[in-house]
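*Asks:* Would you mind keeping the following structure in view while I ask a few things?
The values are calculated or read from the model by the stated rules, or taken from the named source; none is laboratory data. None of the values given here were measured: they were computed from a predicted structure. When we count neighbours, we look across all protein chains shown, and the Cβ atoms used for this are built from the backbone with ideal geometry, even at glycine. Keep in mind that these areas ignore ligands, DNA and RNA; they rest on the heavy atoms of the full protein, side chains included. Shrake-Rupley method; radii C 1.70, N 1.55, O 1.52, S 1.80 Å.
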Amino acid sequence: MSAMVTIRNLTRTFDVSKPWLNRVLERLPRQKLTAVSDVTLEIEEKSVYALVGESGSGKSTIGKILVGLLPPSSGEVRVEGVDLATETDPKVREELRSNIQMIFQDPYASLNPRWRVKDVIVEPVKVRGGKTEGLAEKLLEQVGLSAEDAGKFPHQFSGGQRQRICVARALASNPRLIVCDEPTSALDVSVQAQVLNLMSDLKDELGLTYLFISHDLTVVRHMADRIGVLYLGQLVEEADPETLFETPRHPYTQMLLAAAPKLDSFGETEAVPQGEIPDPINPPPGCVFNPRCPYATERCRIERPELRRMGETRVACHHAEEIARKLSLETA
Amino acid sequence: MAISPVAETEYKGSAQPEQGQQPTLSVRDLVVEIPTRRGVLRPVDRVSYDLAPGEILGVVGESGAGKSMTGNAVIGLLDRPAHIAGGEILLNGKRIDNLSRRDMRKIRGKEIGMVFQDPLTSLNPLIPIGDQLAETIETHLNVSRTEARKRALASLEEVGIPAAAERLDSYPHEFSGGMRQRVVIALALCAEPSLVIADEPTTALDVSVQAQIIALLKRLCREHGTSVILVTHDMGVIAEAADRVAVMYAGKLVEIGPVRDVLTHPNHPYTDGLVGSMPAHSHGQARLRQIPGAMPRLNALPEGCAFHPRCPKAQEKCRHAPEPELMNGAACWFPVGEDA
């Protein structure tokens, strides 16, 4: 299998400075928020790559850059060898854009309430002048709704059905890559299962590639072929689900896994994680996780660890080997 | 750490409390109705449960199942035109469902504390948190301003706000989401209520912060002997925090019992489906178990058992017989565990 998406040294900063007058009067400097910092990853064709992380970790920003909603500040994003930010041939750009689609978190906010469902679904094809006859009906049946629903308005559907409509819209232009930004976070568990099953079926049927963005570790474990863990804009660990959940290497991943509520932990009090995510405008120097890390040393406070290979895993931690040794001693 | 003994041993799949011990909260056949132009809707339909002192009762269900509505009915915060149309609510043996608005206001905050989903909307953005806490303490406990401030500081320290003394005069926006939720918990517990209603207290928070808040809530309630109604849609949170769990579907209580029994051996097919559809239970299978369809709207409830159109075990009786009563912890004619 070949890599469909290659992201190299991707960085995105946002200007969060006060307005000009305040800066002059109060002598404030410009402020920059680094949402994504030096992220390098590859997404294999026909696989599901999941990005997990807490709020402010930059997972949605990466998704938006990938579909071209935001330009990168530096670094490059290539989808099938084409970089949307620098490519100038309009034909190639157009082609690539219809190959990438997105599904958003909130199915209430991402459907225009004044449009009929069929108009919502065929829009991605219509704007490019494609043929739309019967397309909406076909897609609606493909996502488990009925063809008669095409004439209805979004408010006539439940949350799960709306998310199916969003999936149908994403499929309209025959994409090869779909960026799913928290596609089931707004849904109830039983409906979430329906939507996740639909997405898996469509992937197998149509040979799709997903970038799956989520904060829910159990969903990610179920869906993904490869998982990237983000913390404060940096990729701290990357592995396949089995390896990541069985032998997490980065202390942050270990903390995240320990903190996630488990169904069989009746009344137990697990080790509660310490501290909170630092302010992304002034991230700590060195390793961004060092203020909360139980293994942090002087080196962690000065030097940012590189993402390096360790067995099946890629991990950004100075002490990954030591920690692994320590943990295996403890369990032995 | 031992959970309160009542919760641990006495509840064996029954909604009834131990004989002789007075429950903190007792809800009997509670009905909430919303009159509309097209008929009367019942978002809560004959719900009954008891809550022992120090017990944490988790209430789960899909959106629209009536879980928040039940909590709001208990604290008398139903938005009109919704109103209590039947049944009774007893707090420490006293009826509170028929109190006047003024009497209810004395109870709210003093005897029943509240923690809502979004900590930013439950704090006043214009008042420093120390003053908000002191005001609550002053109103409910009849103490002087200085004494109230002292207690406010103590309660902030108790919920783990670092450098609490300096942060008394900070405004809500100066806190992070997790710290704000800690302040809200301090606010809910500062008048030493016997019952706290926590409505999705961790839904707006990140996983690592969620774990902190759940641990805090559990610790404080154990120390103060406060009972908690924990309303959430997250089964994982229930498993970790609750002693008993109540499952709601279309306004009705369909199953109630000790959390371990309900989650490992659900009796009602809906609970079974709910537990089974969680990705954590997929055990590496490619597909998740799913419950077909969606919860019916309140104005279009099916005849018989409300769950029968989605139920894999539905039979003739479920379609036509009047809906099943809650028996042995589950409201179902053909409970899951029985024929197996």
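*Asks:* I'd like the GluC sites (Glu not before Pro) in the stretch A:271-312 restricted to DSSP loop residues with at most 12 other Cβ atoms within 10 Å, sorted by number.
*Replies:* For GluC sites (Glu not before Pro) across the stretch A:271-312 that sit outside H, G, I, E and B with at most 12 neighbouring Cβ atoms in 10 Å, the list reads A:GLU303, A:GLU306.
*Asks:* Applying a 10 Å radius around every beta-carbon, put A:59-71, B:258-270, A:19-31 in order of their mean neighbour count, most first.
*Replies:* Those peptides, ordered most packed to least, come out B:258-270, A:59-71, A:19-31.
*Asks:* Using only the alpha-carbon atoms, how far is helix B:207-224 inclined from the longest principal axis of chain B? Give it as 0 to 90 degrees, nearest 10.
*Replies:* The angle comes out at about 80 degrees.
*Asks:* Using a 1.4 Å probe on the protein heavy atoms, what percent of the accessible area of the stretch A:43-158 belongs to carbon and sulfur?
*Replies:* Using a 1.4 Å probe with all protein chains present, the stretch A:43-158 comes out at 48 percent carbon and sulfur.
*Asks:* Given a 1.4 angstrom probe, what's the average accessible area per residue across chain B, in square angstrom?
*Replies:* 44
*Asks:* Okay, next question. Report the A-B buried area as the accessible area lost on both sides summed, probe 1.4 Å, in Å² to the nearest 100.
*Replies:* Buried area between the two chains comes out at roughly 3400 Å².
*Asks:* Still on this structure, I have one more. What nm value, rounded to one decimal, do you get for the distance between A:TRP115 and A:ASN9 when each label is placed 7 Å out toward the C-beta?
*Replies:* Result for the modelled spin labels: 3.9 nm.
*Asks:* Express the relative contact order of the stretch A:5-69 as a whole percentage, based on alpha carbon pairs under 8 Å and six or more residues apart in sequence.
*Replies:* Reported as a whole number, the value is 35 percent.
*Asks:* Testing the spin-label approximation: label points 7 Å from Cα along Cα→Cβ at A:VAL92 and B:ARG38. State their distance in nm.
*Replies:* Reported label-point gap for A:VAL92 and B:ARG38 is 5.5 nm.
*Asks:* Any idea what Rg and Dmax come out to for the stretch A:114-204 if you just take the C-alpha atoms, in Å?
*Replies:* Gyration radius and largest Cα-Cα distance of the stretch A:114-204: 12.6, 39 Å.
*Asks:* As I understand it, the value is the acute angle between the Cα axis of helix B:177-189 and the longest principal axis of the Cα atoms of chain B; what does it come to in degrees, rounded to 10?
*Replies:* Approximately 90 degrees, to the nearest 10.
*Asks:* Below 12 angstrom from the Cβ of B:PRO128, what's the summed charge of the other residues (Lys, Arg +1; Asp, Glu -1)? Intermediate values should be presented prior to the final figure.
*Replies:* Values: positive: B:ARG149, B:ARG167; negative: B:ASP131, B:GLU135, B:GLU166, B:ASP169, B:GLU174.
Around B:PRO128, the charge tally is -3.
*Asks:* So how much slack lies between A:GLU242 and A:LYS131, counting 0.36 nm per residue of separation and subtracting their Cα-Cα distance, in nm? Provide the component values of the computation, followed by the final result.
*Replies:* Details: separation 111, 0.36 × 111 = 39.96 nm, distance 4.34 nm.
Contour length minus the Cα-Cα distance gives 35.6 nm.
*Asks:* Per-residue Cβ counts within 10 Å, from other chains only, averaged over B:183-191: what number is that?
*Replies:* Mean shielding by partner chains, rounded to a whole number: 0.
*Asks:* If I fit a long axis through the Cα atoms of helix B:129-141 and take the longest principal axis of the Cα atoms of chain B, what angle between them do I get, 0 to 90°, rounded to 10?
*Replies:* 80
*Asks:* Next question. How large is the dipole of the protein assembly as shown about the Cα centre if only Lys and Arg carry +1 and Asp and Glu carry -1, each at its Cβ, rounded to the nearest 20 debye?
*Replies:* 1660
*Asks:* Charges at C-beta only: +1 for Lys and Arg, -1 for Asp and Glu. How large is the resulting dipole of the stretch A:1-74 about its Cα centre, in Debye rounded to 20?
*Replies:* The dipole of the stretch A:1-74 has a size of about 420 debye.
*Asks:* Would you work out which of A:LEU111, A:VAL36, B:CYS332 lies farthest towards the positive end of the dipole of the protein assembly as shown? Charges go on Cβ: Lys and Arg +1, Asp and Glu -1.
*Replies:* Checked the options; the winner is A:LEU111.
*Asks:* Return the Rg/Rh value of chain B, two decimal places, where both radii are evaluated on C-alpha atoms and Rh is the Kirkwood radius.
*Replies:* 0.98
*Asks:* Summing +1 for each Lys or Arg and -1 for each Asp or Glu, what net charge is found among the other residues whose Cβ lies under 11 Å from the Cβ of B:THR70?
*Replies:* Net local charge, B:THR70 excluded: 0.
*Asks:* What whole-number distance in Å separates the alpha-carbon centres of the stretch A:121-146 and the stretch B:303-338?
*Replies:* After rounding, the separation between the Cα centres reads 40 Å.
*Asks:* Which of the listed residues, B:PRO128, B:SER100, B:LEU156, is farthest toward the dipole's positive end in the stretch B:97-163, when Lys, Arg count +1 and Asp, Glu count -1 at the beta-carbon?
*Replies:* Of the candidates, B:SER100 comes out farthest on the positive side.
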